[in-house]
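Notes follow the structure.
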Amino acid sequence: MENEHIYILAIESSCDDTSAAVLCNDKKLSNVVATQKIHEEYGGVVPELASRAHQQNIVPVVSQALAKANIDKKQLSAIAFTRGPGLMGSLLVGTSFSKSLALGLNIPLIEVNHMQAHILAHFIKEENGKIPSFPFLAMTISGGHTQIVLVKNYFDMEILGETLDDAVGEAFDKSAKILGLPYPGGPLIDKYAQLGNPKAFPFPKPKVGELNFSFSGLKTSILYFIQKQTKENPNFITENRNDICASIQHTIINILMDKLKKAVKQTGVKQIAIGGGVSANSGIRKALEEGEKKYGWTSYIPKFEYCTDNAAMIGIVGYLKYKEKNFTDQSVTAQPRYVIS
């Protein structure tokens, strides 16, 4: 099996990015992502528009992924696709396309959990890339999810804590919206935060038990704070933008790090791997590096292209499942709520 070339075509369509990748075993040959710009006008993802854009993008994106990988579709060993979690309309496009293509080529179909893929993206073979060993703690932080997961092996994962309301990426984007920044605002908060004083404005940290998260209260306190300040000084945001962003980012990162410290203490596991779009945030990366020095953690941060939604991470799960002959039949349907088990 080890010397065999297994070619996986992977398809990811859980939210507003249409992506296709080709992997040869655990090595990425191509990873193509079509981003949907249309949502910027609305300040957030519009599900109906997202599914329509997926329908337009999926064929060109798959063709491009095969061409870049220099692979003919007849060479493919299997098709891996995101079954969930995600937006129903978006998932349907990827699921239907993958089922049809697998049927047409008469090759196996492999369903993938999007959140599991964010975690296993660390196992895509990269030059000089560090790969975590089991067990490790994974913190998945994105626009739709915030979780701390104990990873015992590729397919044995236990969720230790998750958000009770909003995800961390949403907290970043909504805070940016309150400040009048365009969507997606998370990267802009990160950009301005680097120029500001993180202690300028203290925001309250939510009191949630154990390893769970909550961000809705924080968003509300930021909203009320900005409303109060702009009433007194209409130029408050413009004059203090860097400090506001730095303070918001500082609070969010503290919330994440407090929970992570607690998880390390509870499990005794000091290997930390992060994944999801928010793992591209410079403040979080810095906090993890500090954790290495201060607490003796070993942290694993994926390459930027594997942080946001992409098909290569779906492909690595596809490859690992292929080796186990863990295939899906044609009766499979998209599952918007798909829990890691």
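The values are calculated or read from the model by the stated rules, or taken from the named source; none is laboratory data. In this text, all values refer to a predicted model and were calculated from it rather than measured experimentally. Cβ coordinates were reconstructed from backbone atoms using ideal geometry, including for glycine residues, and neighbour counts include every protein chain displayed. We work out accessible area using only protein heavy atoms, side chains counted, and drop any ligands, DNA or RNA first. Shrake-Rupley method; radii C 1.70, N 1.55, O 1.52, S 1.80 Å.
Please go through the range 299-308 and give me each residue that is surrounded by 15 or more Cβ atoms within 10 Å (Cβ to Cβ) and in contact with a helix residue (DSSP H, G or I) (Cβ under 7 Å, 6 or more places away or on another chain), ordered by number.
Passing the criteria: Ser299, Tyr300, Ile301, Pro302, Tyr306, Cys307, Thr308.
Give me a count of the residues in the range 212-230 that are surrounded by 15 or more Cβ atoms within 10 Å (Cβ to Cβ) and closer than 18 Å to Pro182 by Cα.
3
Would you mind stating whether Ser19 is within 24 Å of Ala171 (Cα to Cα), at pLDDT below 95 and open to solvent by less than 30 Å² (accessible area, probe 1.4 Å)?
Details: within 24 Å of Ala171 (Cα to Cα): no; at pLDDT below 95: yes; open to solvent by less than 30 Å² (accessible area, probe 1.4 Å): yes.
Spelling it out, it is not the case that Ser19 is within 24 Å of Ala171 (Cα to Cα), at pLDDT below 95 and open to solvent by less than 30 Å² (accessible area, probe 1.4 Å).
How about the range 185-225: which of its residues are more than 15 Å from Gln249 (Cβ to Cβ) and among the aliphatic types (A, V, I, L, M)?
Scanning the range 185-225 gives Val208, Leu211, Leu223.
Read through the list (1) over 30 Å from Phe81 (Cα atoms); (2) free of Cβ contacts under 8 Å to residues at least 60 places away in the same chain; (3) touching a strand residue (DSSP E or B) at 6+ places or on another chain (Cβ under 8 Å), then give the number of the only condition that Val208 fails.
(3)
Scan the range 87-101 residue by residue and report those that are assigned to a helix (DSSP H, G or I) and either under 15 Å from Asn113 (Cα atoms) or free of Cβ contacts under 8 Å to residues at least 40 places away in the same chain (or both).
Result: Met88, Ser90, Leu91, Leu92, Gly94, Thr95, Ser96, Ser98, Ser100.
Can you tell me which residues in the range 133-172 are part of a strand (DSSP E or B), open to solvent by 50 Å² or more (accessible area, probe 1.4 Å) and of a type in the set (Ser, Thr, Tyr)?
None; the set is empty.
Considering only the range 320-327, I want to know if a residue exists there that is modelled with pLDDT of 95 or more, under 26 Å from Phe97 (Cβ atoms), surrounded by 19 or more Cβ atoms within 10 Å (Cβ to Cβ) and aliphatic (A, V, I, L, M).
Yes, the range 320-327 contains at least one residue that is modelled with pLDDT of 95 or more, under 26 Å from Phe97 (Cβ atoms), surrounded by 19 or more Cβ atoms within 10 Å (Cβ to Cβ) and aliphatic (A, V, I, L, M).
What are the residues in the range 207-234 that are in contact with a Leu (Cβ under 6 Å, 6 or more places away or on another chain) and farther than 18 Å from Val278 by Cα, if any?
Residues of the range 207-234 in contact with a Leu (Cβ under 6 Å, 6 or more places away or on another chain): 211-212, 214.
Scanning the range 207-234 gives a single hit, Leu211.
Does Thr82 satisfy the criteria of being modelled with pLDDT under 90, assigned to a strand (DSSP E or B) and buried (at least 21 other Cβ atoms within 10 Å of the Cβ)? Talk me through it step by step, then tell me what you get.
Details: modelled with pLDDT under 90: no; assigned to a strand (DSSP E or B): yes; buried (at least 21 other Cβ atoms within 10 Å of the Cβ): yes.
The answer is no for Thr82.
Mind checking which pairs have a first residue in the range 22-46 that is of a type in the set (Lys, Arg) and buried (at least 19 other Cβ atoms within 10 Å of the Cβ) and a second that is modelled with pLDDT of 60 or more and part of a strand (DSSP E or B), Cβ under 9 Å, 6 or more apart or different chains?
Note: pairs meeting the criteria are Lys28/Ala21; Lys28/Val22; Lys28/Lys125.
For the range 231-283: of the residues being without any contact (Cβ under 8 Å) to a residue 40 or more places away in the chain and open to solvent by less than 50 Å² (accessible area, probe 1.4 Å), which is farthest from Asn310 (Cα to Cα)?
Per the stated criteria, the residue is Asn233.
Those residues that are more than 21 Å from the chain's Cα centre (by Cα) and either open to solvent by 30 Å² or more (accessible area, probe 1.4 Å) or over 17 Å from Ala287 (Cβ atoms) (or both), I need them from the range 184-202; list them, please.
Let us first name the residues in the range 184-202 that are more than 21 Å from the chain's Cα centre (by Cα), namely 192-202.
Tyr192, Gln194, Leu195, Asn197, Pro198, Lys199, Ala200, Phe201, Pro202 - these are the residues of the range 184-202 that are more than 21 Å from the chain's Cα centre (by Cα) and either open to solvent by 30 Å² or more (accessible area, probe 1.4 Å) or over 17 Å from Ala287 (Cβ atoms) (or both).
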